[in-house]
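The values are calculated or read from the model by the stated rules, or taken from the named source; none is laboratory data. Small disclaimer: the values here were computed from a predicted structure and weren't measured. We place every Cβ from the backbone using ideal geometry, glycine too, and count neighbours over all the protein chains shown.
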Amino acid sequence: MYSEKVLDHFHHPRNQGKMKAADGIGQVGNPVCGDIMKIYIKVGQNADSVPIIEDIKFETLGCGAAIATSSMLTEMAKGKTIDEALKIGKLEIAQELGGLPEAKLHCSILAHDGLKAAVADYRQNKNKS
Amino acid sequence: MVSVKKVYLDNAATTPVDSRVLKAMLPYFENNFGNASSLHQFGLDARVAVDRAQKKIADFFACSKAEIYFTSGATESNNLAIWGLIQRLRLDQPGFQPHLIVSSIEHDAVLESVRALAARGLAEVSYVPVTARGVVKVEKLVAAVKANTVLVSVMYVNNEIGTIQPIEKIGATIAKLNRKRPQKIYFHTDATQALNYCDCRVSHLGVDLLSFSGHKIYGPKGIGGLYLKSGVVLEPLFFGGHQQNNIRPGTYNVSGIVGLATAIDLIGASNRQRENQRIEKLRDRLIATVQREISGVVLNGDLVKRSPNNANFVFRGVEGESLVLLLSERGIAVSTGSACSSGSLEPSHVLAALGLAPELAHGSLRVSLGRFNRQTDIDYFVTELTRAVKRLRKMSPL
């Protein structure tokens, strides 16, 4: 049912865990639908003083695809400028994993939304300070 | 690569074929390959094998040989029982609109059959709820009966939570109702999960139709059967040859039929009660250890009116499909009623019928033991389960 890459990310998730003093946190999904993703980001700057995702972590309650897409997202977003990271398409995460079953594509969308929520939280925090 | 211990605890999904069953089947592929409907010696040999098999199966159900029909499995048996009966009654009484009653926890092979009838306007259907422990209440069933009710279909043992339904009581109740009704109510039970563990004598149960399958009882896949009480007439689903009274035409699956009969014979023969007690003891120890080692565990389904081989858990804050995948990596086979495993994104209709909240249903795990499980399997399973639950909870944001 799942590609080898999906199973690899499921069994060996990258960037999994909590992040202390995160600059932005996004939580998406809900227990009723079965998947909850929490994305933490640490924002730094590149040589051109453009904000980048210096570090990213995730915590997920969900199926194999939910965990694998969370993990894949963190790999794809890490080191990118925020604007670049936000360009990661809703289904691009699934593509990067070598595809997902039709019924699991919403996990890719959820991971995408998780990052968007974390960035929105970061921007809100920045405006407040 | 490190070899992983293999522990199969998904016997409600399918069972391995018992080596004695396989041995009985093998001659019917290569040497005794005849068509049981042929007149020559090859055909006669095959016919004898089918007759003997039918007799063994009839003995198990305490019915006559002519009341046993062979099908491709329980899905076909359920479809044939339900569609066959309704089509027949509609043909016999033009204009008559039949009404059916099923429980809300039936297998999809029954639920989808009756939904398909309803969707085509061929029958009305009532779904009877179950208690929070997953058992049909006979009073609720009686309350659903109407003047045009023709069929009640209630499974014997539920495939997900293992609850045993009061078939005998329902059978007796329907018989009583039938004495005062112009329109007879037929009673069907899907006994697929019951054969190993429960009394399946049909007159004792009071059923008119009973479905069963080979691959849940250490027999082969692709063979099953339907007990059809003498005098009950069905319209066939298939048309073709004249086998099986035209009710189920098609060349006899001789090797499968021999396998099915051998598997059924083995249930009856080998100290059934002792084997049931052995499995129940293993299951009870499994449940006790899981409850001791893991927090946030809910048990689904009645603990007494229950098949001895089934345990159904919910682990709070854990998603079932992830759990199944992690355990699979450790060589363990179990299953889940989580939405994420179904492809439909709806959690199991059985767990929903118990009133279990969706967030809990997502964390369900079915463990179904069988003939070849031993205590070492259970010990290994609980150790790995404890580790997997801990790991997933640690990954969760909750």
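State yes or no: is B:G219 assigned to a loop (DSSP other than H, G, I, E, B), crowded, with 24+ Cβ neighbours inside 10 Å and at pLDDT 95 or above?
Details: assigned to a loop (DSSP other than H, G, I, E, B): yes; crowded, with 24+ Cβ neighbours inside 10 Å: yes; at pLDDT 95 or above: yes.
Yes; evaluated as a whole, the condition is true for this residue.
Close contacts from the range B:36-49, counting a first residue that is at pLDDT 95 or above and a second that is among the basic types (K, R), with Cβ to Cβ under 6 Å and a gap of 6+ residues or different chains, come to B:A36/B:R47.
Output the residues belonging to the range B:297-326 that are farther than 30 Å from B:R274 by Cα and outside any loop (DSSP other than H, G, I, E, B).
Taking the range B:297-326 first, the residues farther than 30 Å from B:R274 by Cα are B:315-326.
B:F315, B:G320, B:E321, B:S322, B:L323, B:V324, B:L325, B:L326, listed by residue number.
Listed here are the residues, each with its yes/no results for (1) within 20 Å of B:G162 (Cβ to Cβ); (2) assigned to a loop (DSSP other than H, G, I, E, B); (3) at pLDDT below 95; (4) not aliphatic (A, V, I, L, M).
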site: B:Q291; (1), (2), (3), (4): yes, no, no, yes
site: B:S295; (1), (2), (3), (4): no, yes, no, yes
site: B:E359; (1), (2), (3), (4): no, no, yes, yes
site: B:R366; (1), (2), (3), (4): yes, no, no, yes
site: B:R371; (1), (2), (3), (4): yes, yes, no, yes
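A:I82 fulfils the conditions (1) buried (at least 17 other Cβ atoms within 10 Å of the Cβ); (2) free of Cβ contacts under 8 Å to residues at least 60 places away in the same chain; (3) within 14 Å of chain B (Cβ to nearest Cβ) except for a single criterion, (3). Taking the range B:373-396 as the range and being of a type in the set (S, T, Y), in contact (Cβ under 8 Å) with a residue 12 or more places away in the chain and outside any loop (DSSP other than H, G, I, E, B) as the test, the residues that pass are B:Y380, B:T386. For the range A:1-31, filtered to residues that are at the interface with chain B (Cβ under 9 Å from one of its Cβ atoms) and either part of a strand (DSSP E or B) or closer than 17 Å to A:I109 by Cβ (or both), the residue that is modelled with the lowest pLDDT is A:N30.
Is it the case that some residue within the range B:248-257 is within 14 Å of chain A (Cβ to nearest Cβ) and surrounded by fewer than 24 Cβ atoms within 10 Å (Cβ to Cβ)? So that I can check it myself, show each step before the final result.
Our first condition is that a residue be within 14 Å of chain A (Cβ to nearest Cβ); within the range B:248-257, this holds for none.
Scanning the range B:248-257, I find no residue that is within 14 Å of chain A (Cβ to nearest Cβ) and surrounded by fewer than 24 Cβ atoms within 10 Å (Cβ to Cβ), so the answer is no.
Applying the criterion of at least 3 residues that are touching a strand residue (DSSP E or B) at 6+ places or on another chain (Cβ under 9 Å) and closer than 30 Å to B:L369 by Cα to the strands (runs of 3 or more DSSP E) found wholly in the range B:54-163 leaves B:68-71. Taking every residue in the range B:53-81 that is over 11 Å from B:S113 (Cβ atoms) and pairing it with any residue that is outside any loop (DSSP other than H, G, I, E, B) and among the acidic types (D, E), at least 6 positions away or on another chain, the pairs with Cβ-Cβ distances below 6 Å are B:K56/B:D265.
Residues of the range B:175-183 include none that is touching a Ser or Thr at 6+ places or on another chain (Cβ under 8 Å), surrounded by 24 or more Cβ atoms within 10 Å (Cβ to Cβ) and not in a helix (DSSP H, G or I).
Conditions tested, residue by residue: (1) surrounded by fewer than 20 Cβ atoms within 10 Å (Cβ to Cβ); (2) facing another protein chain (nearest Cβ under 8 Å).
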site	(1), (2)
A:G34	no, yes
A:I41	no, no
A:P51	yes, no
A:E54	yes, no
A:C63	no, yes
A:E75	yes, no
A:L86	yes, no
A:G99	yes, no
